[in-house]
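No lab work stands behind these numbers, since they all come straight from the coordinates. Everything numeric here is computed off the predicted structure, so don't read it as measured data. Don't worry about glycine lacking a Cβ; one is built from the backbone with ideal geometry, like all the others, and counts go over all protein chains shown.
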2 protein chains.
Amino acid sequence: MVALVIATRLHALRNATARMSEKDLFLIAELPGFTPQIGRLVSMLNYVRSTTLSAVAGLGVGELDYLHDAQSNSIGTLLLHIAAAEAGYQAATFYGRGLDEEEKQAWGAALDLGERARREIRGHELDYYVNRLEHVRGKTLAELGRRTDEWLDDWTSSGSGQKVNNYFKWFHVFGHEINHRGQIRWLRVRAAGPPS
Amino acid sequence: MVALVIATRLHALRNATARMSEKDLFLIAELPGFTPQIGRLVSMLNYVRSTTLSAVAGLGVGELDYLHDAQSNSIGTLLLHIAAAEAGYQAATFYGRGLDEEEKQAWGAALDLGERARREIRGHELDYYVNRLEHVRGKTLAELGRRTDEWLDDWTSSGSGQKVNNYFKWFHVFGHEINHRGQIRWLRVRAAGPPS
């Protein structure tokens, strides 16, 4: 099983960003430029991103816009939603606020998915989505590089009194990405149509 | 966004296992009974499991067996596949081997999914799947509780010469679970049929 995962990921890396080190992609470990715990977190963020890019590699506009049924989100919309969620957690954890009006406008329908997203998020090439993802990720890595392991333990209180620490919030960012990547993989098979 | 996540998870916890502490579910942090790094890893494993159980709470046999199309896996099969993958990584990381013949037989079609799984994995109540998941997880936690942070850094070499450490392998276990949980959520909406 491990061997299969690795073969798939090596393939993915040919299309992945230069920010990730191919050599160490299967190590959750310290990383240069980050404190020890943040390095492990960034290892996970990097690996997950490589799998997302792999899951969409080579898709055309028709496949990115494909709607499986009336409730479905397109693959393109899911990619933009992944980026928008990360931007939301940047605001929450780096600046202690929600998205401001300008940011909400910039992300638009990608924040909430649904009917408006089905109508508005269409017609873009893959590069458009990958660029949005990479722009947000660049900021995430720059900000994480300025923080310490102690910051990961900082917590805020949820409305119901639960402690939520920064490590959880960033764990949630990549978990959210994997969740939608699972849907993207499922949709990709159907978007391609039946084998000819 | 954080508030929404928390509300959803608190709901989930009412159905989740007693092994998780409701108080600390949103902290990725040290945990009693585990070394510091392993505690963080177990925090992630626990949280992901709570979301999986939440995603299937209340499903009946018909929904667990639902096949969306000829290529789909049922929700029940995906649950068993999550447990089987975890058992595979137990063998790999705790005992340095693949699944043996007896284990392969016990997991059967859940390992590979596909046509055989569609035929064979059917007719079980939710409890059946949850019990399989919990049985495997109990062993995972017991074994992780006997290991140290240094063990997480131990690596094996993939066929192509990549280093893969134990932290990566267990990160992959919960990432694999989230991936299929994303598909389970998607399928659950369709398995319930159109709103009446």
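Key figures
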read-out	value
Centre separation in Å (Cα based) which lies between the range A:117-132 and the range B:147-176	35 Å
From the C-alpha gyration tensor of the range B:94-167, square roots of 5λ in Å	29, 19, 10
Gyration tensor verdict on the protein assembly as shown (Cα atoms; rounded if a/c is under 1.5, prolate if a/b is larger than b/c, oblate otherwise)	rounded
Span-rule helices in chain A, defined as complete DSSP H runs reaching 20 Å or more along the axis (Cα) with Kyte mean at least -0.5	A:36-56, A:75-94, A:126-144
Relative contact order computed over chain A (Cα-Cα under 8 Å; 6+ residues apart), in percent	27 percent
Pairs of lysines in the protein assembly as shown (C-alpha under 23 Å apart; 8 or more residues apart or interchain)	11
Euclidean distance of C-alpha centroids, the range A:25-95 and the range B:28-78, integer Å	20 Å
Peptide B:176-185, shielding by other chains (average Cβ, 10 Å cutoff)	6
Counted charge near A:ILE178, where neighbours are those whose Cβ lies closer than 11 Å (Asp, Glu -1; Lys, Arg +1)	+2
Value in Å of the Kirkwood radius, where the range A:59-196 supplies the Cα pairs that are averaged	16.2 Å
For chain B, calculated [θ]222 nm from helices alone, where every DSSP H run of n ≥ 4 adds -39500 (n - 2.57)	-20000 deg cm²/dmol
Shielding by partners - mean other protein chain Cβ count within 10 Å, residues of A:56-65	0
Stokes-Einstein D (µm²/s) once Rh is taken as the Kirkwood radius of the range B:35-90 over alpha-carbon pairs, at 25 °C in 0.890 mPa s	188 µm²/s
Coil-residue trypsin sites (Lys or Arg not before Pro) of the range B:100-133, DSSP, other Cβ within 10 Å capped at 11	none
Gain on full stretching of the segment that runs from A:TYR128 to A:GLN71 - 0.36 nm per residue minus C-alpha separation	18.1 nm
For peptides A:134-144, B:181-191, sequence by mean Cβ density within 10 Å, most packed first	B:181-191, A:134-144
